[in-house]
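What follows is a single structure, written as structure tokens, with notes after it.
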Amino acid sequence: MNLTLASISPRAKSKSEPTSQLVDEYILRATRFNPTDTAVFPTEQALLEALDARPRTLLLLLDSRGDLLPSEQFAATLGTLRDNGTQRLLLAIGPADGWSPTALARAQHVVSFGRITLPHELARAIMAEQIYRALTILAGHPYHSAH
């Protein structure tokens with residue numbers, strides 16, 4: 001299963017931003033366990049159009065109204081999708097004003113880091129770490145160590 005951490009950002013991100021460096025580090029680590037990359041879309045519509053261009057892509061959205069999943073359950077969700085033959089999973093952090101009803105309806109999963117509001121770049125770094133953590137849990141690697 002190919003994983004893509006996607007985000008909506010109307011402006012280009014600098015690779016020198018601390019959060020971008022953190023994302024790059026965790027995505028690099030994740031690729032040791034599973035093909036993983038990132039994508040930035042200028043609008044929600046552009047992201048949805050990319051889904052149409054890539055058949056058999058499942059969509060997981062990060063939204064404060066989503067399901068609260070502990071890391072182990074997030075890992076189990078990724079493992080189930082992988083084991084059920086999902087070829088591509090797009091994990092997306094939304095636009096500043098939140099996901100539209102259309103995007104929420106297209107998503108197979110909606111998850112939350114809690115009811116707090118995070119800056120999108122920080123949420124992106126946290127999601128990159130959680131992808132890496134989930135992959136290490138699935139691989140039995142000691143990174144997570146059940147804490």
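Values in this text are rule-based calculations from the coordinates and carry no lab data. Note that the structure is predicted; figures quoted are calculated from it, not measured. No Cβ is skipped: glycine too gets one built from the backbone with ideal geometry, and neighbour counts run over all protein chains shown.
Dividing the mean sequence gap of close Cα pairs (under 8 Å, 6+ apart) by how many residues the chain holds gives a relative contact order of 36 percent. The label point for residue 28 and the one for residue 108, both projected 7 Å from the Cα toward the Cβ, are 3.0 nm apart.
Available extension along the chain between residue 53 and residue 84 is 9.0 nm, counting 0.36 nm per residue and deducting the alpha carbon span.
Coupling constants for segment 63-73 follow from the phi torsions by the Karplus curve (6.51 cos²θ - 1.76 cosθ + 1.60, θ = phi - 60°), and in residue order they are 7, 4, 8, x, 6, 7, 10, x, 3, 5, 6 Hz; glycine and proline get x.
Rounded to the nearest 500 deg cm²/dmol, what is the calculated helix-only ellipticity per residue at 222 nm for the chain, with -39500 (n - 2.57) per DSSP H run of length n ≥ 4? Display every interim value, and only then the final one.
On the way: 5 runs with 62 residues, N = 147.
Result for the chain, helices only: -13000 deg cm²/dmol.
The label-point distance for residue 45 and residue 64, in a model that sets each label 7 Å from Cα toward Cβ, rounds to 2.6 nm. For the chain, a crude dipole built from +1 on the beta carbon of Lys and Arg and -1 on the beta carbon of Asp and Glu, taken about the Cα centre, is about 180 debye to the nearest 20.
Highest mean first, what order results for 24-31, 58-65, 129-136, 81-88 on Cβ atoms within 10 Å?
Working: 24-31: 17.0, 58-65: 19.1, 129-136: 22.4, 81-88: 13.4.
Per-residue mean Cβ counts within 10 Å order the peptides as 129-136, 58-65, 24-31, 81-88.
Here the calculated FRET efficiency for residue 117 and residue 139, from their Cβ-Cβ distance with R0 = 22 Å, stands at 0.10, rounded to the nearest 0.05.
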